[in-house]
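The values are calculated or read from the model by the stated rules, or taken from the named source; none is laboratory data. Quick caveat: nothing in here was measured; it's all calculated off a predicted structure.
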Amino acid sequence: MTEPTTTGIGQSGQSGQKDEDPRSIGDIVGDIASDLSTMVRSELELAKTEAKAEVAKAGKGAGLLGGAAIAGYFALLFLSLFVMYLLADAMDVEWAALIVFAVWAIAAAVMGVLGRARIKTVNPALDRTQETLKEDVRWAKNQK
């Protein structure tokens, strides 16, 4: 039995000559650029598709959070009414309503003051990002 002969890479099985690409270097570079452009376009399309799916999920989650906030508001409203009517057993209903109102007004004032203090501590300048961007600009200038 004879073993099948194998040809080396770039060699023809019949004549032993190297296979040459009939395209010019310009054509090869053009094909590479075209393939690269197609690949980048398809990657961008994939990224857009994935981003749309993630935005849709985030939108649904935000809608559910909004619904939960409304339901929580109503739960708090009816709890407040319950407390008001519970206090009305010991005093006039008007005074009970005023007491519940005062408790909520104090809670709102405290949360407002605390929230305002927290917002004042926010630094919108993004110091670290600005510094790294400046470093990138210095590095790019030194590359010339």
Q: Would you confirm whether any residue within region 113-129 is modelled with pLDDT under 95 and on the phi > 0 side of the Ramachandran plot?
A: yes
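This table checks each residue for (1) at pLDDT 90 or above; (2) small (Gly, Ala, Ser); (3) in a helix (DSSP H, G or I).
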{"residue": "36", "(1), (2), (3)": "no, no, yes"}
{"residue": "40", "(1), (2), (3)": "no, no, yes"}
{"residue": "48", "(1), (2), (3)": "no, no, yes"}
{"residue": "54", "(1), (2), (3)": "no, no, yes"}
{"residue": "59", "(1), (2), (3)": "yes, yes, yes"}
{"residue": "70", "(1), (2), (3)": "yes, no, yes"}
{"residue": "99", "(1), (2), (3)": "yes, no, yes"}
{"residue": "141", "(1), (2), (3)": "no, no, yes"}
{"residue": "144", "(1), (2), (3)": "no, no, no"}
